[in-house]
1. Taking other Cβ within 10 Å of each residue's Cβ, how do 50, 93 sort, fewest first?
2. Between residue 61 and residue 92, take the C-beta separation as r, use R0 = 25 Å, and let me know the FRET efficiency to the nearest 0.05.
3. Among 51, 111, which comes first, then next, by fewest other beta-carbon atoms within 10 Å?
4. Report the gain in length on full extension from residue 68 to residue 22: 0.36 nm times residue separation, minus Cα-Cα distance, nm rounded to one decimal.
5. Once the Cβ-Cβ distance between residue 135 and residue 83 is put in as r, and R0 is 25 Å, what FRET efficiency do you end up with, to the nearest 0.05?
6. Normalising by the residue count of the range 65-113, find the relative contact order in percent from Cα pairs under 8 Å and 6+ residues apart.
7. In percent, how large is the relative contact order of the range 28-148, given Cα pairs closer than 8 Å and 6 or more residues apart?
8. Subtracting the Cα-Cα distance from 0.36 nm times the residue separation, let me have the gained length for residue 127 to residue 37 in nm, one decimal.
C-alpha cells in the first residue's frame, strides 16, 4: 500500500511540475497571415519551456531559403538558436524548397535566458529577409514580433 501511495505522489508531482505548451501571439494575433500574388502563408506556433515551435502553412507557390532566415531574441541578453527544420512532417536538412500549396514548413528554436533559473519569455523577432520569396520578391518585409507567454 505504501508503494502505491508513493507512486501516486510521484505522478502528481510529475504532472504539477511539467511545463505545458502554450500558443504564442504574433503581432497581436494567434494566427498570422501573409498575403501575396503567390497565395497566403499562415504562421502560428507555440512554446514549451525554452523550445519555440514556429509553423508556416503555405497556400501557393513560394520559395524558401533556410540560409536567409533572420530571427533573434528581442532581449539581447537571451540566447536564441535554431534547432531544426521540418517540411511536411519530415526533417529537412537542405537549403531551398519550392512549395506548391498545402505544404507545412516548421522550425524550432531554443530560447534561453542568460539569467539563471528564469524561464525565457518575451519577444522573438522574425526580421525582414529573403527567407520566403514570391517570384523573387521577399514576403517578410517588416519585422514580425512573436510574443511568448
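1. Working: 50 17, 93 9.
Arranged by neighbour count, lowest to highest, 50, 93 become 93, 50.
2. Working: r = 18 Å, r/R0 = 0.71.
For R0 = 25 Å, the calculated efficiency reads 0.90.
3. Values: 51 15, 111 23.
If I rank by nearby Cβ atoms, fewest first, I get 51, 111.
4. Values: separation 46, 0.36 × 46 = 16.56 nm, distance 2.72 nm.
Difference between extended and current length: 13.8 nm.
5. Values: r = 30 Å, r/R0 = 1.21.
Efficiency at R0 = 25 Å is approximately 0.25.
6. On the way: 58 pairs, mean separation 23.2, N = 49.
Dividing the mean separation by the residue count of the range 65-113 yields 47 percent.
7. Details: 275 pairs, mean separation 33.9, N = 121.
It comes to 28 percent, rounded to a whole number.
8. Values: separation 90, 0.36 × 90 = 32.40 nm, distance 2.11 nm.
The residue 127-residue 37 span can extend by a further 30.3 nm.
We did not get these values from a lab; they are worked out from the coordinates using the rules stated. The model shown is predicted, which means the values in this text are computed figures rather than measured ones. Positions of Cβ are backbone-derived with ideal geometry, glycine not excepted, and every protein chain shown enters the neighbour counts.
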